[in-house]
Amino acid sequence: QVQLVESGGGLVQAGGSLRLSCAASGLTFSAYTMGWFRQAPGEEREFVVQIRGIGTTYYADSVKGRFTISRDNAKNTVYLQMNSLEPEDTAVYYCATGLVPGTRPPGEYKYWGQGTQVTVSS
């Protein structure tokens, strides 16, 4: 079975940085598109960024220029480097994989992690 485990969340001051990690198992990692989503209290889940197996990336406008996604296929891990954090970035961040063929960009995902909390204070 596919399993995704996020880590690296925490409390940070506005303008600070965090790096999230997502460790994957149960799949041929290098062949899978990986995505990050987030959900703030009382809000709908929001797409953040995705990276395809070949390395192509696609960022939401709200994080472009501040966040960077990367992957280490040898470690079956995808990362999200978050810089210049703002209070509006406060949310539970989820790792996802298993992009469903034929879905509209940024696409729908089949498998999800448990999430990690990111809180940005002023």
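The values are calculated or read from the model by the stated rules, or taken from the named source; none is laboratory data. Note that the structure is predicted; figures quoted are calculated from it, not measured. Glycine gets a Cβ as well: all are built from the backbone with ideal geometry, and neighbour counts include every protein chain shown. Quick note on the areas: whole protein, heavy atoms, side chains included, nothing else; ligands and nucleic acids left out. Shrake-Rupley method; radii C 1.70, N 1.55, O 1.52, S 1.80 Å.
Worth pointing out:
- For the stretch 55-71, a residue qualifies if it is at pLDDT 95 or above and small (Gly, Ala, Ser), and the qualifying residues are Ala60, Ser62, Gly65, Ser70.
- Every residue from the stretch 19-33 that is assigned to a loop (DSSP other than H, G, I, E, B) and touching a residue at least 40 places away in the same chain (Cβ under 8 Å): Leu27, Tyr32, Thr33
- Scanning the stretch 86-117 for residues that are farther than 15 Å from Arg38 by Cβ, out of contact with any Leu (no Cβ under 9 Å at 6 or more places or on another chain) and open to solvent by 60 Å² or more (accessible area, probe 1.4 Å) returns Leu99, Pro101, Gly102, Arg104, Pro105.
- Single match in Glu108, Glu43 (criterion: at pLDDT 95 or above, more than 12 Å from the chain's Cα centre (by Cα) and at negative phi): Glu43
- Within the stretch 13-33, if we keep just the residues that are open to solvent by 20 Å² or more (accessible area, probe 1.4 Å) and hydrophobic (A, V, I, L, M, F, W, C), the residue that is farthest from the chain's Cα centre (by Cα) turns out to be Ala14.
- The number of residues in the stretch 17-71 that are closer than 17 Å to Gln117 by Cα and basic (Lys, Arg) comes to 3.
- Restricting the first member to the stretch 1-18 and to residues that are at pLDDT 95 or above, and the second to residues that are among the basic types (Lys, Arg), the beta-carbon pairs closer than 7 Å and six or more apart or on different chains are Gly8/Arg19.
- Number of residues in the stretch 86-108 that are assigned to a strand (DSSP E or B) and either touching a Gly at 6+ places or on another chain (Cβ under 9 Å) or aliphatic (A, V, I, L, M) (or both) equals 8.
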